[in-house]
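Read the structure below first, then the notes.
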Amino acid sequence: MSLDAVLSRISEIRSQIDTLQNGGATRTSAAPGSTADSSTAFASALAGANGSTGTGTTTGAAAAAAVAPAAPATSVDAGAGTVATGSGATGDDVVADAKKYLGVPYVFGGTTTAGMDCSGLVQTVFKDLGVTMPRVVPDQAKMGTEVGSLANAQPGDLIIPKGKGHVVIYVGDGKVLHAPHPGKDVRIVDNWYKDSDIATIRRIVPSAQDAAATKAAQAVSATPTAGGTDLQTAALMSLLQTGKAAA
């Protein structure tokens, strides 16, 4: 979608929001001007932007759910089936911290700058960010949430091949960061794994994209109707631009 098309669509959506707020369309049972009423209008507009339709009334809570991902656990400990948000770290932070260890030699069982192995590197990086991770690859492979394929991988995700004998950190643009094997040091290389080689891809903390979407949705839901349309439009633009960048 071109920038002009995005801006044009946002203008249309803003008009829809204004119409709903001024009583030009059926409202929900929420009182006029309430936060729930504003969220409903925004969710309806967002559904239109995505080309989806629906019947029935959308509540304020459902509107928030339509905009934001499900709220992940707030724990700082990595857990199976959940994304840990307690530290505030994102996938971009994982990549930035991991880069501090470039050049550190591979040492089996190591977890320090004197030497580290693949899982020791992963554990150390997350520890730096305040997130507790298991020590060995098979246990690390159970943490976080499953990412369906390499096409959906985001910076900071962990890629674990079949056999679970290694782990690499995806840094984006088809590259990974890892501690390879004895005689090598921590480095960034082109990802050589195919989906058919991979046992699992794990997201331990929110991706930067998910964190931005959640923050935008929270700003919208916390804003009263009066004067809130501009913030809603800004949040929608952020989401649409994120989708454009990912396309």
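Each reported figure results from applying straightforward, stated rules to the coordinates on display, with no laboratory input. Everything numeric in this text was worked out from a predicted model, so none of it was measured. Positions of Cβ are generated from backbone atoms using ideal geometry, with glycine treated the same way; all protein chains shown enter the neighbour counts.
Data overview
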{"item": "Inter-label distance, nm, simple model (7 Å from Cα along the C-beta direction), Lys127/Asp173", "result": "3.0"}
{"item": "For segment 141-175 versus segment 102-132, the gap between their alpha-carbon centres in whole angstrom", "result": "17"}
{"item": "Fully extended contour minus Cα-Cα distance, from Asn152 to Asp77, at 0.36 nm per residue", "result": "24.6 nm"}
{"item": "Restraint check, Lys100/Lys215; Lys142/Lys184; Lys100/Lys184; Lys194/Lys215; Lys162/Lys215; Lys142/Lys175, Cα-Cα greater than 25 Å", "result": "Lys100/Lys215; Lys142/Lys184; Lys194/Lys215; Lys162/Lys215"}
{"item": "Only Lys, Arg (+1) and Asp, Glu (-1) charged, at Cβ; segment 97-169 dipole about Cα centre in debye", "result": "100"}
{"item": "Enclosed volume per residue, in Å³, of the convex hull spanned by Cα atoms of segment 105-151", "result": "97"}
{"item": "Listed residue (Ser149, Gly115, Ile188) projecting farthest to the positive dipole end of segment 105-201, Cβ model", "result": "Gly115"}
{"item": "Label-point separation, Thr112 to Glu12 (7 Å along Cα→Cβ), nm", "result": "6.2"}
